[in-house]
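Novice: Below is one structure. I have some questions about it.
The values are calculated or read from the model by the stated rules, or taken from the named source; none is laboratory data. Because the structure is a prediction, the values reported are computed rather than measured. No Cβ is skipped: glycine too gets one built from the backbone with ideal geometry, and neighbour counts run over all protein chains shown. These accessible areas exclude ligands, DNA and RNA; they are computed on the full protein's heavy atoms, side chains included. Shrake-Rupley method; radii C 1.70, N 1.55, O 1.52, S 1.80 Å.
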Amino acid sequence: MSSDYDSGYDAGARGSIFGPATVEGTAGWMAGNQARNNKSSGSAEWLIAPFVLWPFVLIFYPVGGAATIATAFAAEALANVMGLGAGGLRWIIMLIPTVIVCWMVVRLEQQWGLRRSYYLIRHVVRMLILALVINGAATNAMITANNQPSLPPLQAMFHWPPQWLAIALWLVFWQLFFMRAHQWRIYWNRKLMSWFFRPKGFDPHYFSWRKEQVVERLAPIEMPGRR
């Protein structure tokens with residue numbers, strides 16, 4: 001076996017989301033990751049990943065994220081109208097419709113993403129959302145560094161950017177990440193299938209900005225017959 005396959009296998013067995021970005025490395029990573037899953041199906045990563053990655057679900061799938069947030073606010077308003085306090089019934093009324101809407105819309109968005117036009121538009125929206133989130137974090141970081149109270153998250157996100165260069169560098173990082181992190185795409189695909197956001201057997205894919213040219217087979221040229 002090649003060194004890339006061995007390195008990928010070791011990375012997958014350790015639970016790393018990165019490995020050699022080659023065909024052999026990816027194959028090794030998948031084999032090592034599968035072996036790791038077979039050894040321990042109840043690992044700490046399985047428990048921690050949903051809490052760490054759920055914000056990325058809302059960012060990466062903006063239609064599902066917007067529907068989820070809107071449902072959460074609507075459910076909270078309904079709980080307030082019903083006069084519920086901070087008890088368990090209030091959280092049940094808020095969580096059940098929010099989780100159902102999130103699951104349904106994000107799962108639908110996986111199918112929409114199979115269309116190249118939607119895939120590329122969604123990518124632009126993702127980058128805009130990431131830019132707003134980064135801007136909000138940078139804005140509040142600078143404000144609190146000057147011993148001033150932080151702004152509400154939404155206000156901070158739309159605040160005039162204090163550091164253009166930092167935001168631009170982060171966006172470059174995310175763009176390169178989306179383009180080159182092949183192992184992450186495989187890992188993310190497996191997570192979405194385990195959370196039932198994607199059907200079993202859903203293949204991770206990536207559309208390029210340049211539309212692929214389809215080469216059509218030409219009809220054979222008729223040659224003059226021999227006399």
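Novice: Quick check: anything in region 131-145 touching a residue at least 40 places away in the same chain (Cβ under 8 Å) and not assigned by the TED database to the domain that holds GLY25?
Specialist: Checking region 131-145: at least one residue is touching a residue at least 40 places away in the same chain (Cβ under 8 Å) and not assigned by the TED database to the domain that holds GLY25.
Novice: While we're looking at this one, here's another question. Within region 45-57, can one find any residue that is under 22 Å from LEU130 (Cα atoms), at pLDDT 90 or above and surrounded by 13 or more Cβ atoms within 10 Å (Cβ to Cβ)?
Specialist: So far as region 45-57 goes, yes, one or more of its residues are under 22 Å from LEU130 (Cα atoms), at pLDDT 90 or above and surrounded by 13 or more Cβ atoms within 10 Å (Cβ to Cβ).
So that you can scan it fast, the table gives a plain yes or no per residue for (1) polar (S, T, N, Q); (2) without any contact (Cβ under 8 Å) to a residue 40 or more places away in the chain; (3) open to solvent by 30 Å² or more (accessible area, probe 1.4 Å):
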position: PRO152; (1), (2), (3): no, yes, yes
position: PHE158; (1), (2), (3): no, yes, yes
position: PRO161; (1), (2), (3): no, yes, no
position: ILE167; (1), (2), (3): no, yes, no
position: LEU171; (1), (2), (3): no, no, yes
position: ALA181; (1), (2), (3): no, no, no
position: TRP195; (1), (2), (3): no, no, yes
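Novice: Conditions: (1) touching a Gly at 6+ places or on another chain (Cβ under 7 Å); (2) of a type outside the set (S, T, N, Q); (3) assigned to a loop (DSSP other than H, G, I, E, B). VAL106 meets all but one. Number of the miss?
Specialist: With respect to (1) touching a Gly at 6+ places or on another chain (Cβ under 7 Å); (2) of a type outside the set (S, T, N, Q); (3) assigned to a loop (DSSP other than H, G, I, E, B), VAL106 is out only on (3).
Novice: Among the residues of region 83-120 satisfying the criterion of being of a type in the set (Val, Ile, Thr) and surrounded by 14 or more Cβ atoms within 10 Å (Cβ to Cβ), which is modelled with the lowest pLDDT?
Specialist: Here the answer is ILE93.
Novice: Quick one: is LEU132 assigned to a helix (DSSP H, G or I) and open to solvent by less than 70 Å² (accessible area, probe 1.4 Å)?
Specialist: Working: assigned to a helix (DSSP H, G or I): yes; open to solvent by less than 70 Å² (accessible area, probe 1.4 Å): yes.
Judged against the criteria, LEU132 is a match.
Novice: Condition first: closer than 18 Å to ILE100 by Cα and not in a helix (DSSP H, G or I). Now tell me which residues in region 47-85 satisfy that.
Specialist: TYR61
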